[in-house]
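For reference, the structure discussed in these notes is given below.
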Amino acid sequence: MINLRRLDLNLLVTLDVLLSEHNVTRAAQRLHYSQPSVSVHLARLREIFDDPLLLPGPRGMRPTARAESLREPLREALAALERAVSPEQPFDPGAATHTWRIAASDHSELTVLLPALATLRQAAPGTRVAVVEMVPSRLARQAEQGDIDLAFHTTEGAPAALHRQSLFTERYVLVGRVGHPRLKRKPTAAQFCALEHVIVSPDGGGFLGVTDEALAAVGLSRRVVLSVPHFLYVASVVASTDLVAMLPARLVRDNAALQAVDAPVDVPGYEMSMLWHERAHRDPAHRWLREQIAAAVA
């Protein structure tokens, strides 16, 4: 058994970062140590655990099985220790200088972040917000590592490991330019399918979505002539052409260049959630940020 008296807490912190970065240079940068110091720590850790822990690989260092088994227990132990020795301080937004990093799509930038922005700027003028690209497959890892503080994502498909709070439920409407000759009233199913549609494909290049699934269930299909990765571009396209799109109602409700009607097919909506990691769950500043966003959207 390892004698805990032989363990320096700094060694465990170094090991935690090394298991995250898989690279001595990047670990040294995060720890504000020199690279030789991190190498010395790694050598000491190898001696204590009697295991190489990290081995050279083609893309950085590769953890051993022993190192993988240490990853989660070590992170949990360090987080618990940090909570134990850091008494919670009341959060003063007026004096705060935080930089919050939020993962969001262009849709959630407009429907979630924009309504909250004025309140955030007024209440916490010394803070900053950095919006980063929302890549669903990376969210859990980004949140775990502290690369993001919050993310906005549909509840369906959200990483189960993250805390989440429902912000709103959304429905789809058929959208076209103001004065569109085919949208003076709700179209029939046949008229709907004959229109030329734009679709949002976040992964790029797709021509099928939830609307097409709903149509297929009743034996119908529509004409999708344009596929784009961003919602806001779709709004510009349909405002300046005779193309139409099925878009979230919140996204277009204040756009004077667009008009919306109900579609003749029942397309399931979705729930938008705010996501965050356990590491920030009890932080007073983070809790305040979540409360402001939830209140603004509501």
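The values are calculated or read from the model by the stated rules, or taken from the named source; none is laboratory data. Since the structure is predicted, the reported quantities are computational estimates derived from the model, not experimental observations. Note that we place each Cβ from the backbone using ideal geometry, even for glycine, and neighbour counts take in every protein chain shown. Areas reflect the complete protein model, heavy atoms only, side chains present, ligands, DNA and RNA absent. Shrake-Rupley method; radii C 1.70, N 1.55, O 1.52, S 1.80 Å.
Things to note:
- Per residue, the accessible area of the chain comes to 55 Å² when a 1.4 Å probe rolls over the protein heavy atoms.
- Here is how the number arises for the chain: DSSP H runs of 4 or more residues each give -39500 (n - 2.57), the sum is divided by the residue count, and the result at 222 nm is -11500 deg cm²/dmol.
- Three-way shape label, the chain, alpha-carbon gyration tensor, a/c 1.5: prolate
- Compared with the direct C-alpha span, the chain from F168 to E47 gains 38.3 nm at full extension, assuming 0.36 nm per residue.
- Rolling a 1.4 Å probe over the protein chains gives S137 an accessible area of about 110 Å².
- Of the GluC sites (Glu not before Pro) in region 116-167, those whose Cβ has at most 15 other Cβ within 10 Å and which sit in DSSP loop: E156
- Surface share of carbon and sulfur [accessible, 1.4 angstrom probe, percent] for the chain: 52
- At R0 = 22 Å, FRET efficiency that the Cβ-Cβ distance of R121 and A294 yields, to 0.05: 0.80
- Ordered from highest to lowest accessible area with the whole protein assembly present and a 1.4 Å probe, T188, T127 read as T188, T127.
- Under the simplified labelling scheme, the L114-V85 pair shows an inter-label distance of 4.6 nm, with each label point 7 Å from Cα along Cα→Cβ.
- Distance between modelled label sites at R26 and D92, nm, 7 Å Cα→Cβ extension: 3.7
- Anisotropy class of region 172-268 from Cα gyration tensor, a/c 1.5 cut: oblate
- Using Cβ point charges alone (K and R +1, D and E -1), the dipole size of the chain about the Cα centre works out to roughly 300 debye.
- Translational diffusion coefficient (Stokes-Einstein; Kirkwood radius from C-alpha pairs) of region 4-85 at 20 °C, 1.002 mPa s, in µm²/s: 166
- Region 73-109: GluC sites (Glu not before Pro) falling in loop per DSSP and having at most 10 other Cβ within 10 Å: E88
- With the highest mean first, a sort of the peptides 17-23, 176-182 on other beta-carbon atoms found within 10 angstrom per residue produces 17-23, 176-182.
- Within the shell defined by Cβ-Cβ distances under 13 Å, the residues around R164 carry a net charge of -2, with Lys and Arg each +1 and Asp and Glu each -1.
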